[in-house]
Structures are given as structure tokens and as C-alpha cells.
């Protein structure tokens, strides 16, 4: 148990009457669900506190609940900022960090930047939602069925239905405690994650058909704005599908490069089932987990270099497999 970190965080929560909970830009279910769940758990436990969850809302995640709009200049007393699922300050969405007396983060990504003395980083955790479950249960905070449903969906999403290697016995122990405590009907929640419109199913088929695979076991695909428009899907859709391609035989790393026309930037999603990829991603301005990383760049030549580097990673990994035989 991470009792020391949890005690520090609980002290900070008790200390401040104004608390804002933020997460990374371009959120996934783990980021959205963790911040809304933590906000609601704090408000349920400490009704007199002002607690807000901020950032740009994504329509497809509306089931988790609504986010708050704040004006930091209206705070009449010192405020605490809690960053969830975000390794550095530059990726925090929807808040002016200079307005806060103190910050801390709760995150399962490799640590890139300290937020404050009460930071809690656990790279062994399947998800930030898993850490929030642990925080709530260990700290004796209150929770209801809706909070529990959000946390369950966040864990399932970020662990890819408990398939990713970061899933551990502790993941199942915490989820079991959550279910036993709240009696959520978890089997009826999955459609919020996996039900898709027919346009996305057809787009999935396009990816399957067009993905290029190198002799080294590196798969990649460039996805243009024209393709997104043709299939009537948004720029976030490829990133939500990338885990679907983890079972292709003899593919060790797979990557989607999506051009975001609105922001004039390439968004690169990278997954691996062997080679460590976060070091390679970091060389091109990105980062993440050892086997799940990403890069954003406006420079296409850097993207080309990244893809070549990932192919080389696959080549070395493939050669290492031969040596082990």
C-alpha cells in the first residue's frame, strides 16, 4: 500500500477549502473518469469544500459527468491544484497553474516533473483510476455507485480490459473491493466503452486494410484529414482504437500518425508488445509508458525519423528473440 503518499494527499485535501482537479489535454476515459470521481468523492466526504473538475469536455465521454468552468481570479482564499494522469505541467488542460498556492499530482506515468511535495507517482499501477480507488478506500473517503462506475470504467479502459502488462493482482484486489462496497452492475457498463457507430466500424476496417507492416515487425499508418472526413470520424478516433491491434502476429510495435488539421500538428500513438518505446518517443518530444507512448509534432520530417527509429527498435528486438532461442 502507498500509505505515506496517501496520508500526504489527504492532509492537503483537508487543508484547502478550494480544490481544482485537472488532467491532461486530449483526455481518455482514465483521465476524465478519475478527475470526476475524485471531485465527487471529495465533495461527498467534505460537503463544505469548493471542488472543481476542469478541462475541455469530450462529447463521447459525457456519461462520466460534467466538468466545471472556473475563474481563478474569483477565488477568495488559497487553492490547491491536483493534476491527474499527467506527467508534466505543460500538458495540463484548462487551468492557470500560476493561480494556485500549491500543486500535487497523482499519476501512473513515468515521472517527468515534480508538481509538489505531496506528489504520488506509481508506474506499476494500471491506471490513474486504480490509484484513485486506492486513495478513496485507504483514506476512508465516501463514494457512491456513480463514482464507483466511473472508476471501474477508467481501470478497464486504461488496462485494455485487464490485458495490458501493468495489470496486477493489486488491480483485481482494488476492483473487487470497489464492487463489493458499492455493488455496481459492472457487466452492464461495457457498452459505454465499446459501443461504436457504424462509421467507426468501417474506419476500423480501413485501418486493418491499409496498415503497413515492415519485415522487422513494425506497423504504421498515416491518417489524413481527408480520410477522417470520408469515414465521418474525429481526430481522436484512431487513438481510441490503437489497442485493438495488439494481437497481430509478428507485429511488435504499431503506430498511428494522425494529422490534426485544426491545430496543425501530427498526433502519434505508439504501442508495443516487446520493445521499450518511451525512450524513443522522448527523443522526439513525446513520452509515456514503456509499452504505450505518444508524440506530438508539427514537423513531418521528425515524424519520419521517429518511424524509422521505431522500426529499428523492432529490428533489434526481433534479433534478440533469435539470440534467446
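The values are calculated or read from the model by the stated rules, or taken from the named source; none is laboratory data. Everything numeric here is computed off the predicted structure, so don't read it as measured data. Because the Cβ atoms are built from the backbone with ideal geometry, glycine has one as well, and the counts that use them run over all protein chains shown.
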inquiry  = Testing residue 41 on (1) under 17 Å from residue 93 (Cα atoms); (2) surrounded by 21 or more Cβ atoms within 10 Å (Cβ to Cβ), one condition comes back false. Which one is that?
reply    = (1)
request  = Working carefully through the options 70, 36, 21, find the one that is buried (at least 24 other Cβ atoms within 10 Å of the Cβ), touching a residue at least 24 places away in the same chain (Cβ under 8 Å), outside any helix (DSSP H, G or I) and in contact with a strand residue (DSSP E or B) (Cβ under 6 Å, 6 or more places away or on another chain).
outcome  = 21
key: Subset of region 135-157 (residues that are surrounded by 24 or more Cβ atoms within 10 Å (Cβ to Cβ) and closer than 16 Å to residue 82 by Cα)   = 136
request  = Please note which strands (runs of 3 or more DSSP E) are completely contained in region 242-325 and include at least 1 residues that are assigned by TED's automatic domain parsing to the domain that holds residue 27 and buried (at least 18 other Cβ atoms within 10 Å of the Cβ).
outcome  = none
Of residues in region 73-109 being assigned to a strand (DSSP E or B) and over 17 Å from the mean Cα position of the chain (by Cα), the one surrounded by the fewest Cβ atoms within 10 Å (Cβ to Cβ) = 102
message = Tell me yes or no: at least one residue of region 182-190 is part of a helix (DSSP H, G or I), surrounded by fewer than 16 Cβ atoms within 10 Å (Cβ to Cβ) and at pLDDT 95 or above.
response = no
